[in-house]
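Structure first, commentary second.
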There are 2 protein chains.
Amino acid sequence: MASPAPTATNSPTGGRRTGASIGDVARLAGVSSQTVSRVSNGATNVLPETRRRVLDAMERLGYAPNHAARALRTGSFAAIGVVVHRLARTGESSTVDAIVDAARREGYTVNLVDVASPSPDDVTAALQRLSNQSVDGLIIVRAETATPTSLSLPARTPVVVADSRFVGHHPAVGADQVAGAAAAVQHLLDLGHRTVHLLAGPPESGPAQLRAQAWRTTLAQAGRVVPEPVQGDWSAESGYAAGRALAADDDVTAVFSANDEMATGLLHALHEAGRRVPQDVSVVGFDDIPLASHLWPPLTTVRQDFTRVGEELVRLLLEQIRSRATFVDRTVVVPAPLIVRASTAPPT
Amino acid sequence: MASPAPTATNSPTGGRRTGASIGDVARLAGVSSQTVSRVSNGATNVLPETRRRVLDAMERLGYAPNHAARALRTGSFAAIGVVVHRLARTGESSTVDAIVDAARREGYTVNLVDVASPSPDDVTAALQRLSNQSVDGLIIVRAETATPTSLSLPARTPVVVADSRFVGHHPAVGADQVAGAAAAVQHLLDLGHRTVHLLAGPPESGPAQLRAQAWRTTLAQAGRVVPEPVQGDWSAESGYAAGRALAADDDVTAVFSANDEMATGLLHALHEAGRRVPQDVSVVGFDDIPLASHLWPPLTTVRQDFTRVGEELVRLLLEQIRSRATFVDRTVVVPAPLIVRASTAPPT
DNA sequence: TGCACGCATGTTGACGTTAACACGCAGGAG
DNA sequence: CTCCTGCGTGTTAACGTCAACATGCGTGCA
């Protein structure tokens with residue numbers, strides 16, 4: 001139980017639920033409001049005795065600084081905006097989790113906006129809603145269909161993008177899609193498979209494009225046949241649908257799925273068709289979701305370190321905010337190692 | 001390339017990156033700033049001709065209202081704070097996704113805070129950071145160890161909690177844990193299993209307690225032996241560890257896992273031990289994560305409609321914010337139906 | 001013809017905070 | 001003894017917006 005503290009604020013015009021203000025604290029402590037401000041901001045040039053009196057008064061009144069007033073005065077919200085598409089997906093939520101965590105450590109709050117669709121228009125609208133001093137900077141997680149030029153960003157607002165296609169336009173952070181996908185395909189070739197089929201992500205997605213391209217290049221460089229890729233939409237459901245077709249084709253001995261969820265659907269379809277994994281068909285995924293090591297069989301996959309990506313995004317953004325500069329050429333590539341488990345084996 | 005637009009703002013004292021203000025628009029349109037404010041807020045008592053001139057000026061200057069000033073003046077941030085623990089988990093991210101979406105439709109922004117641990121102290125600290133006019137209301141997703149009395153909430157701030165243990169203290173929204181868990185256990189008994197083993201969630205979690213309690217009650221009411229539950233921590237890893245013990249025990253023919261991720265680990269352990277699902281052991285999960293229908297075998301589970309929960313949370317919160325009242329006794333229970341798939345069968 | 005009323009628009013001031021500057025006093029250098 | 005410096009603290013004004021009140025003009029009714 002707290003003490004009563006009736007908060008006798010007179011409300012001449014805009015009578016809202018307002019706690020104690022800096023002025024109330026100043027009056028109680030017998031100092032000027034500026035001194036309270038100094039204490040509240042940790043300035044050093046305040047006598048210990050004065051500071052103590054101010055802190056006492058704050059405590060007594062339950063004072064908490066008004067963010068709006070501070071933001072209005074300083075022009076900084078201590079907040080970053082995060083634009084995300086489908087938060088419920090593993091990669092997205094892990095990245096956002098890391099962003100929120102890293103931001104908190106730096107004293108920043110996160111304003112989350114999701115966009116109905118990842119189209120340039122929707123993303124632009126989302127940015128508009130966050131724009132103009134409601135945040136100090138922006139992180140765009142997954143731009144998907146948007147391209148560097150189709151995106152109209154609020155001027156003077158630092159931006160970081162988790163999509164390497166934006167390299168050269170905005171600072172970007174991303175896992176090494178190309179190396180990861182190439183390693184996955186090469187692993188299957190090294191096991192002795194003649195070629196590798198692709199269960200592709202949606203064609204408008206940047207990462208999906210990069211993974212498909214790497215798959216194609218790796219096969220071509222090894223002089224192998226490049227089969228027609230099967231299209232999915234990242235969901236397990238689409239992986240299952242595609243998997244039924246692949247399972248019916250006895251020539252298919254190795255499949256590289258552009259993400260783990262589609263790989264899960266693929267495994268389902270293969271089991272259902274009675275094709276054994278990995279004896280009959282080897283499967284490699286992408287992402288290393290927490291469930292990957294407990295699927296049946298445990299899934300060989302490419303690990304994306306989403307936590308690291310989130311941290312780097314925040315680091316790069318704060319660097320820009322603090323230096324009041326906008327970098328264009330900074331890029332961080334996070335390694336994406338292949339994790340070999342039990343879903344891959346030589347063809348029999 | 002955009003046109004130059006040098007934005008000739010004089011910066012007398014606090015020279016920050018500040019766009020056009022209401023005054024700049026007023027000057028350009030030849031009206032008073034109050035008229036601009038009226039247009040900006042959609043007031044009807046403005047002549048069409050005047051409105052057009054103002055809108056033109058806004059467009060020309062790229063004006064966007066300053067959230068800080070507006071919040072300071074009106075006392076409302078048009079923002080809600082969301083406190084979440086481990087965002088990367090399915091339930092959490094789906095709920096937050098729905099919250100963000102519902103909030104956006106109502107013109108509210110979401111401030112996301114994650115807490116390092118779900119302890120009362122950490123949650124209280126998180127609430128502190130969001131407190132006092134930086135948000136208009138709070139949603140606590142998963143309070144876990146916190147109890148209604150251990151939580152010190154900022155006064156005068158509307159709160160909604162996604163945890164039914166808070167019923168009677170704060171408005172709460174949650175899936176029907178008890179009915180869902182009971183249905184899962186009853187389903188297994190109906191199939192002919194003599195009893196049902198429990199793979200439990202962490203003991204400090206409210207939902208885990210409810211599910212365990214319902215499991216116990218359902219078995220007791222049917223006059224069955226109540227075996228010692230096996231403890232997990234929600235993760236697939238813990239489900240796998242627990243599953244190795246369960247798989248070694250031939251008496252175990254049916255397991256109710258308190259969530260789908262642990263059930264996934266359990267399936268892994270059972271496969272590895274050569275115990276067939278569902279012929280040797282039946283498994284029921286809880287949550288119906290997107291992957292549940294594509295696990296092997298497809299998982300019978302209890303569906304939690306996280307989207308619905310998120311929407312109801314926002315609805316209840318906004319109702320409080322708008323009525324400036326704090327309800328205490330409102331509760332919304334979302335049905336949690338059993339989804340029967342292929343991981344359950346009569347014992348053989 | 002007079003007066004009240006409605007309507008579009010303008011003027012004033014305050015929300016809570018902090019940057020910039022002013023002030024007064026003590027101590028040290030010339 | 002004077003002047004300068006440094007330090008703790010106070011005063012002033014401004015950040016951008018909107019609520020409340022003021023103004024001025026045209027219309028309709030008695």
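Within the stretch B:23-73, restricting attention to residues that are under 28 Å from A:Arg70 (Cα atoms), within 10 Å of DNA strand C (Cβ to nearest atom) and aliphatic (A, V, I, L, M), the residue that is most open to solvent (accessible area, probe 1.4 Å) is B:Leu72. Check the stretch A:7-14 and report whether any residue there is away from DNA strand D (no atom under 13 Å from the Cβ), within 26 Å of B:Arg70 (Cβ to Cβ), at pLDDT below 85 and surrounded by 11 or more Cβ atoms within 10 Å (Cβ to Cβ). Within the stretch A:7-14, one or more residues are away from DNA strand D (no atom under 13 Å from the Cβ), within 26 Å of B:Arg70 (Cβ to Cβ), at pLDDT below 85 and surrounded by 11 or more Cβ atoms within 10 Å (Cβ to Cβ). B:Ala248 - would you say it is in the same structural domain as B:Val185 (by TED's automatic domain parsing) and open to solvent by less than 60 Å² (accessible area, probe 1.4 Å)? Here the answer is no, as B:Ala248 does not meet what is asked.
One line per residue, one yes/no per condition, for (1) at pLDDT 95 or above; (2) in the same structural domain as B:Ala254 (by TED's automatic domain parsing):
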residue	(1), (2)
B:Leu299	yes, yes
B:Glu311	yes, no
B:Glu319	no, no
B:Ser323	no, no
B:Asp329	no, no
B:Ala342	yes, no
B:Thr348	no, no
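Considered as a group, the residues in the stretch A:155-204 that are of a type in the set (Ser, Thr, Tyr) and either within 14 Å of another protein chain (Cβ to nearest Cβ) or within 15 Å of the chain's Cα centre (by Cα) (or both) include one that is farthest from A:Arg308 (Cα to Cα), and that residue is A:Thr157.
When you scan the stretch A:304-311, do you find a residue that is surrounded by 23 or more Cβ atoms within 10 Å (Cβ to Cβ), within 14 Å of chain B (Cβ to nearest Cβ) and over 23 Å from A:Ala212 (Cα atoms), even just one? Yes, there is a match, as at least one residue in the stretch A:304-311 is surrounded by 23 or more Cβ atoms within 10 Å (Cβ to Cβ), within 14 Å of chain B (Cβ to nearest Cβ) and over 23 Å from A:Ala212 (Cα atoms).
Where helices (runs of 4 or more DSSP H) sit wholly within the stretch B:42-133, those with at least 2 residues that are within 16 Å of DNA strand D (Cβ to nearest atom) occupy B:48-61, B:67-74. Looking at A:Ala64, A:Ala78, A:Ala126, A:Ala103, just one residue is touching a Gly at 6+ places or on another chain (Cβ under 8 Å), under 16 Å from B:Val110 (Cα atoms) and touching a residue at least 12 places away in the same chain (Cβ under 8 Å), and that residue is A:Ala78. The single residue among A:Gly232, A:Gly274, A:Gly206, A:Gly192 that is touching a Lys or Arg at 6+ places or on another chain (Cβ under 7 Å) and either farther than 21 Å from B:Leu267 by Cβ or not hydrophobic (A, V, I, L, M, F, W, C) (or both) turns out to be A:Gly206. The residues listed here are A:Gly243, A:Gly239; of these, the one that is open to solvent by less than 10 Å² (accessible area, probe 1.4 Å) and closer than 26 Å to A:Ser119 by Cβ is A:Gly239.
Within the stretch B:78-103, being closer than 30 Å to B:Ser40 by Cβ, within 7 Å of chain A (Cβ to nearest Cβ) and of a type outside the set (Val, Ile, Thr) holds for one residue alone: B:Asp101. Residues to consider are A:Asp250, A:Asp260, A:Asp233; find the one that is farther than 24 Å from B:Asp288 by Cβ and of a type in the set (Asp, Glu). Among A:Asp250, A:Asp260, A:Asp233, only A:Asp250 is farther than 24 Å from B:Asp288 by Cβ and of a type in the set (Asp, Glu).
The values are calculated or read from the model by the stated rules, or taken from the named source; none is laboratory data. Please read these numbers as outputs of a predicted model, since none were measured by experiment. In this analysis, Cβ positions are derived from the backbone assuming ideal geometry, glycine residues included, and neighbour counts consider all displayed protein chains. These area figures cover heavy atoms from the full protein model, side chains too; ligands, DNA and RNA do not enter into them. Shrake-Rupley method; radii C 1.70, N 1.55, O 1.52, S 1.80 Å.
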